[in-house]
Each structure stands twice: as C-alpha cells, then as structure tokens.
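The values are calculated or read from the model by the stated rules, or taken from the named source; none is laboratory data. Computed from a prediction, not measured in an experiment: that's the story for all the values here. Using ideal geometry, Cβ is built from the backbone for each residue, glycine included, and neighbour counts are taken over all protein chains shown.
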Amino acid sequence: MREYEAVIARVEELARQLGLRWDPVVFRMSGAEEIAEVASMGLPNRFVHWYWGGAYKEIRLQQDKSLLSILELVLNSRPAYAFLRRSNTYLQNVLVIAHVYGHADFFANNHWFQKSNKNMLNEAERHARSFRTYEARYGREAVEALLDSCLTVAASVNAFERDPARRRKRLVYFLEEHAPLEPYEREVLQAIREEAEYFDLIQRTHITNEGWATFVEATLLRELLTAREWAEVCVHLCARPTPYTLGYALFGAIRRRRGFEGALAARRYYEDVRLIDETLTQDLVDRLDLFVYDPRDRSRNTQVDAVKEMLIEQKLYRGEPRVEVEDPDHPRDLVLVHVEEGRKLDPRRIALYLKAVHVLWKHPVRLRANGKLYTYDRRGLSTA
Amino acid sequence: MRIHRGRIAQHKHDELLRAYLKQNLHELIQQKELVVDGKVKTQLSTLDLPTLRYGDDEAYLAQGAGGSGRGGGGDDGVQPVGGLLGGDHHGPEVRVELDFDEFVRLAQEVLLEELELPALQRVPRGGEVETEDLPELDDLDRMGLSADLNLEETLLASLMRTVRERGVLDYDVDVRQDGWYFVEDPRAARNHRSLEVYVLDISGSMRGDYLALVRKTIFLLWYALERRYPTNLRRYVVFQDVAEEKTREEFFSVESSGGTHISAGFEKAMEMLEGVSEYDTYLFLFTDGETSSGDFELAKRKYEEALDRFDLVCYGHVNPGSRGVGGFSEYVQEVARRRPNATFANLVDLDSVREGLREFLTRVDGGGKVACGSTRRSSRGWRN
C-alpha cells in the first residue's frame, strides 16, 4: 500500500476541495480470489451458503477470462473498507481509489445511507457464528433448509417502506411477527431479514451510488492525471456496465443544469427512482442507446417515458412479481395474493416457492394467482 | 490464515448441482440442442432460490449492441441491460447455465458412480506421461536428464572436442557441448496423442433415448481416453444421406432427419486421417444400423477400408428398445469377432455401455494384439 500513500493524500485533498465529506477509509490490497468471494457473498465473513457458490464460480471464471473483472469493492461500514486488486496496474488502482472516495462520500452523506446499519460487517459475522452453532445443535440439513426458505421470503423486504400497514403485507415481516417458529428459527429469519434490508438499500440506490462514484472519480482524475493518462481513463469509463454509465450521465446532466452544488445536493437526497424520474431525458436515452425491447414482436420503444417507466418499475419491484399477504390482520390463515392483473406467474416455481414458505409457516399456505387458488400443505401442492 | 468461504460455497453449490444432474441427467442429455454458445441450458429451478417469477414473455430494458450493457444477447443488436441491482447477487440476474466442459465433467462423475466404475487418474496434459514402470534407457541422445548422463560417452566427446579445438589430449567437460544421455528408445516410447473421430448417425430415427445413450457413451469414452493420452485430437462427423464434419458444439446440437448412408460416415471419417501421423487413431461410429437400401454393399467395403486404416474401429449399435441386432449392425457384429481391431457394442442401456467400454479398454490395453500389436507403426500404442 505504501506506493499509493501519496496519491491517496492527493485524492483526499482534491475531494475535500470539491466539498466531499466521508468517514475514514481503510484500503486493503487483496487477491482476485478474495474479491470474488466478497463480491459473491456481499460481505466478508458472512455465512456460507450454496447460493453464493454459483455467483463465486461465475466471477472467478470472468476474472480468468478477464472479461468483466471487478476492479474494486467498497463496503458501507464505519470505517469504510475498500479492496484494491493486487493484479491491477498502478493507474487502475488510482482510478479505484478516486472511485472509492465517491462511494465513501455517498455512504456518509446520502439521506438513505445515513440511516443504514454501518455495523453490518460485524453483524454478519455474528449471524454466521450463531448459524454455525445451530448447525451443530439442530443438524446441518435442517439449518440449510431453513436458510433456503428465509432467503426466498427475504426477497420481499423493502428498506424504504415506512408505513407499518403496508410493511405488514410484505411476507417476510408478516412471518417474523406471526409464524409459529422456534426461537432459533425466528432468530435466523430476523438475521436474514436484516441482511436483506442492507442489500435492498444498496440495490435501490445502485445507479445513484455508482453514478456518483464514477462522476467523482472522473472529476478528481481530470485534476490528477496527465492528458495522456486521462485519455486512457476515458476508455475505461465508457466500458463500464450500464448502471455506472447511466448514473454518470445523469449526474453530468444535473451539473450542467444546476452546477456542482446541484450535483452535491442530488447525491444527498436522491435514490434511483427519483434520480431517473427527474433527470432522464430523451436526449440521454438516445445517447445511451436505451430502449424497451419486446421479444414477442421484436419491437423497440425508444421513448423516454417508456424507458423511464421500465427503469422505475425495475427499481421499485426488482423485476419480481408483486405478491402480498391478503389479510395481515387475521393471521390464522396465510393467504398470499398476486396483485398484478393480467400477468401470469411461472407455474413451475409456485410449488417450490410455497414449499419454502410452508417450512416457516408450518400450516397450509395459499396463493391466489393465475386465476387459481394454490394450496400447499403437508401433502404437497393442490390447485382449486 | 484465511478461510476460503468462496470455495466452500462453491463446493456446496456443486454438490447440489451434482445431485440435480444425477436426477435429471437423462432428460438434460437428450436435449436436441445440448450446447448453445458453449453452455448447456438447464431448467435449474432447484439451484436457484425458488422465488416467484413471471411466466409470460415480457418486455425488458435493453441497449444497442454497441453499448455497455451485458448479459446474454438475445436478438441481433439487442443487449439486455443487466446489473441494475447491485449489492447482493439476489434476483433474476443469476442464470444457471453450465459450461459444456463442466457439464461433461459432472456427467462423467454421475455416470461413473452409476456404473460403479473406478475413477482413473488424469494424465498430465502437455506431452509427458507418468508411468509406474521404469523406462528402459537403452538408447543415447544429446539431450536428457542430468541423472541419466552417460559418463563414458560424455568424457569421450569431451576428449574429442579438446583435441579438435586445442590440440591437447585432456578432459574439459562442458555438459552443454559434450553431454550424452541414456534415453528411452523413441520407437518404444508411449505415444502421446490420440486422434478420435466420432461419427454420429443423425437420420430421422436418432433422437431422444438414442441421443442420450450415445452422449453418455461418448462422455465415458472421453473420460477414459483423456486419462490415457495427454493430447486428444477430436474430430466430429455427422451423417444421414451425406456426411459432414462438425464442430464439437454443432455435433451436440444436431437436427435429425434424412436417410442412413453409413458408407458416407466411414468415408468422411477416413478423410480425417489425412496428414495425421504419430497418433493412435480411433473411430467411433454410432448408428441404429438401419442402412438405406442400396448402401449396404458400399458400407461393407468402406467399413473394411476403415478397419485397415484406423487402429481401432468401434461400432455402437444404438438400441434402447433392446430389439434384435439386424441389418448392417449384424454384419459388423460378425466381423468384430474376426478382426482384432474391430469392436461391436449393442448399446441397450447403461449396463451395455459398461460392457462396451470394458471391451474397448480390453482391446486398447489388450497386450499387444490389437491397438498396439500390429506391426504397421511401432511408435503407437501401449507397451506390454
């Protein structure tokens, strides 16, 4: 790390001049394997689950082919931990360092992130420890089945939901409150829900967060690098995944309209839905070559409203079907209902999903969807 | 010391994958298009968390192919925009597809277990063969291992050189110039390469169970042959009325139609021998043996010709219905009893695959009579 000390000091100085503020950042030089591990599990020291294994394998494969290699990772913790890849070139790591300060500033100042759990790194480790104890006490298979179910229902979290009535319609909160769980099962469900909320926040601010970090990175590097190096960096910046380039373009638009101060204010108050809704224009959609594609008739809709609607829907519902608890005030029966009219659910997944819910609810579980009433009980799935 | 959580997670993931494959290998393997873009598509709902999904084709956000969106490309110039949700890798973005090589490896594991065959040790790739026998170092070469330096020859060479260069009768050994080594007689050395030509009948009747049996057999053959040779050169031929060479991917994604001209298959296979020397050559032909009328005599002649030109010709009569062996297969069965480098396997089920494999390996290892015993080429085959 010693060779980067001078450049880190310089980046910090420039960032302060721009008006950025952050909690301490700890840089850590690490190998590709460790980066793949943290990227697939979301947090280091988190409990080990087969589901991360698939992602880990995929990332390792990409690293080997160096198609899309993850250059950097930074955790929303206090202090913020940032991982630099040992095999990066010096210039790549300078890019990463500048990018990391964008994230650190976002973590410390964004309205939603300020309220987030900055201790999740340690919490996750504590969860992992207690899961291991339960495995020893209740058997590995029982705990794995429980974890599978909890992770499945945890998709229904919403870190932004403040209205208690609407919150209770979300399955994971309902189960936590009413399911007849053993104390250790309840603790596992609670732990998974907390972790899911931590990641949900990251997902709902992903474009804003990455866009801001890229925007800060570019602003700092323009000061820091020679013209030749800057030209090289521009190529890197353009080749980033869509959330980065889209977010970057949106912050660029805000600066053109409202100056750097305006961009600073946006990074404080915006999350993805608001950023897209207020900032995306037809001009940007055209420049980024975005469109809504319908595979049924192979049509492309390049209208800003359509793109915006699709993006916002993705952010609000994560592309997942909207399923709610039908009557959370009478928690004797669990009836779930798919609330989008005219949309169908994949019937092959329904039995597996209801089975996962049944592991937690332990009584018959019902789902209204596809014009039918599905019931899952000890005998399996039946349809009416 | 670091706990490699990523690797543990991957191990858990692969365990589940194996269990899934074991259950579904038969269905997966007979997909008409087994390999698409180097991947085997699977309906791995069990390897995903069983969250609910939409069942209908839906429009999605996309970017022109020139943009930086990623994910599996669908229609031309349309890249689905992925990665909109960062953080944890939940959600619909992780698709479970298997790399074809990995699929083969897992399938081999499952098949070996099912057939109760022992696992074989892998030959190091890259030209060297490990053997438990001590090599017979009965030849001399200017290059070799220092442990096998031939002192007498080396001193003599040194003496000659000093006389020649300086006119003095003295020893001044420079191993780089004077070294002579005991080495293996190159003609007795084990051949390191195999040429394997796989010929598949794709006439209308070859589908479903037929394909499953053929593919399972091929995977097991690969397993055995990869553990015998560090270098396997593989060529693929399909035939119906005509024969053509295919890539590996195409070979596993063929449409079946047309008649059966086995002669065309043999003829094309023999073309693959051109320019190939110092290889052990194998021909594997899979058919249901229903030759088109008029091809019988020609097929006989071509078969005889192939027997003269290949080291071993293996004929798989694919017969999942367990009917009697008739037609051209009956003829081959007869010939295989007489000719030492011909084998015939009636592939009815996995047990018969094991029998066929056993016979094949006996011929290969058979102690100098078949693959290695013929006097046509001394450099080929296994020593006694």
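Within the range A:178-185, does at least one residue satisfy the condition of being over 30 Å from A:Ala98 (Cβ atoms), within 13 Å of chain B (Cβ to nearest Cβ) and surrounded by fewer than 18 Cβ atoms within 10 Å (Cβ to Cβ)? No - not one qualifying residue is present in the range A:178-185.
Restricting the first member to the range B:325-352 and to residues that are closer than 17 Å to B:Phe284 by Cβ and in the same structural domain as B:Leu307 (by TED's automatic domain parsing), and the second to residues that are part of a helix (DSSP H, G or I) and β-branched (Val, Ile, Thr), the beta-carbon pairs closer than 7 Å and six or more apart or on different chains are B:Phe328/B:Ile262; B:Ala342/B:Val335; B:Phe344/B:Val332; B:Leu347/B:Thr217; B:Leu347/B:Val353. Of the strands (runs of 3 or more DSSP E) lying entirely inside the range B:227-301, those carrying at least 1 residues that are at pLDDT below 85 are B:231-239. Take the range B:8-35 and flag every residue that is among the basic types (Lys, Arg) and buried (at least 17 other Cβ atoms within 10 Å of the Cβ). Residue satisfying the conditions is B:Lys12 alone. Report whether or not B:Lys268 is of a type in the set (D, E, K, R) and over 25 Å from B:Glu102 (Cα atoms). Spelling it out, B:Lys268 is indeed of a type in the set (D, E, K, R) and over 25 Å from B:Glu102 (Cα atoms). Residues in the range A:230-275 that are aromatic (Phe, Trp, Tyr), within 22 Å of the chain's Cα centre (by Cα) and within 17 Å of A:Glu217 (Cβ to Cβ): 3 in all. In the range B:75-89 there is no residue matching the filter, namely being at the interface with chain A (Cβ under 10 Å from one of its Cβ atoms), under 30 Å from B:Glu226 (Cβ atoms) and at pLDDT 60 or above. Pairing residues of the range A:287-305 that are more than 7 Å from every other protein chain (Cβ to nearest Cβ) with residues that are surrounded by 15 or more Cβ atoms within 10 Å (Cβ to Cβ), at Cβ distances under 7 Å and at least 6 apart in sequence or on separate chains, gives A:Arg300/A:Phe291; A:Arg300/A:Tyr293; A:Asn301/A:Phe291; A:Asn301/A:Val292; A:Thr302/A:Val285; A:Thr302/A:Phe291; A:Val304/A:Leu280; A:Val304/A:Val285. Within the range A:75-87, not a single residue is of a type in the set (Lys, Arg), touching a residue at least 24 places away in the same chain (Cβ under 8 Å), buried (at least 19 other Cβ atoms within 10 Å of the Cβ) and within 14 Å of another protein chain (Cβ to nearest Cβ). Looking at A:Leu73, A:Leu61, A:Leu67, just one residue is modelled with pLDDT under 90, in contact with a Phe, Trp or Tyr (Cβ under 6 Å, 6 or more places away or on another chain) and farther than 14 Å from A:Tyr4 by Cβ, and that residue is A:Leu73. Among the residues of the range A:190-205, some residue qualifies, meaning at least one is part of a helix (DSSP H, G or I), in contact (Cβ under 8 Å) with a residue 24 or more places away in the chain and surrounded by fewer than 18 Cβ atoms within 10 Å (Cβ to Cβ).
Taking the criterion of being at pLDDT below 90 and polar (S, T, N, Q), the residues of the range B:184-226 that qualify are B:Asn191, B:Ser194, B:Ser203, B:Ser205. Sub-8 Å Cβ pairs linking a first residue in the range A:335-349 that is in contact (Cβ under 8 Å) with a residue 24 or more places away in the chain and surrounded by fewer than 16 Cβ atoms within 10 Å (Cβ to Cβ) to a second residue that is small (Gly, Ala, Ser) and in a loop (DSSP other than H, G, I, E, B), at least 6 apart or interchain, are A:Lys344/B:Gly55, ordered by first then second residue. Taking the criterion of being modelled with pLDDT of 85 or more, within 12 Å of chain B (Cβ to nearest Cβ) and assigned to a loop (DSSP other than H, G, I, E, B), the residues of the range A:310-338 that qualify are A:Glu320, A:Pro321, A:Arg322. Annotation: of all residues in the range A:133-181 being among the small types (Gly, Ala, Ser) and assigned to a helix (DSSP H, G or I), the one that is farthest from A:His330 (Cα to Cα) is A:Ala136. Filtering A:Arg129, A:Arg162, A:Arg170, A:Arg140 for residues that are within 18 Å of A:Val337 (Cβ to Cβ) and either more than 12 Å from chain B (Cβ to nearest Cβ) or without any contact (Cβ under 8 Å) to a residue 40 or more places away in the chain (or both) leaves a single hit, A:Arg170. Across the range A:243-276, the number of residues qualifying as within 14 Å of chain B (Cβ to nearest Cβ) and either among the hydrophobic types (A, V, I, L, M, F, W, C) or touching a residue at least 40 places away in the same chain (Cβ under 8 Å) (or both) comes to 10.
Scoring A:Asn109 on the criteria (1) touching a residue at least 60 places away in the same chain (Cβ under 8 Å); (2) polar (S, T, N, Q); (3) under 30 Å from A:Glu182 (Cβ atoms) leaves a single failure, condition (3).
Table: residues versus (1) crowded, with 21+ Cβ neighbours inside 10 Å; (2) more than 14 Å from every other protein chain (Cβ to nearest Cβ); (3) touching a residue at least 12 places away in the same chain (Cβ under 8 Å).
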site: A:Val7; (1), (2), (3): no, yes, yes
site: A:Gly31; (1), (2), (3): no, no, yes
site: A:Ile35; (1), (2), (3): yes, no, yes
site: A:Leu43; (1), (2), (3): yes, no, yes
site: A:Trp52; (1), (2), (3): yes, no, yes
site: A:Gln63; (1), (2), (3): no, no, yes
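As a summary of the residue check, A:Glu210 satisfies the conditions (1) modelled with pLDDT of 95 or more; (2) more than 25 Å from A:Leu336 (Cβ to Cβ); (3) among the acidic types (Asp, Glu) except for the one numbered (1).
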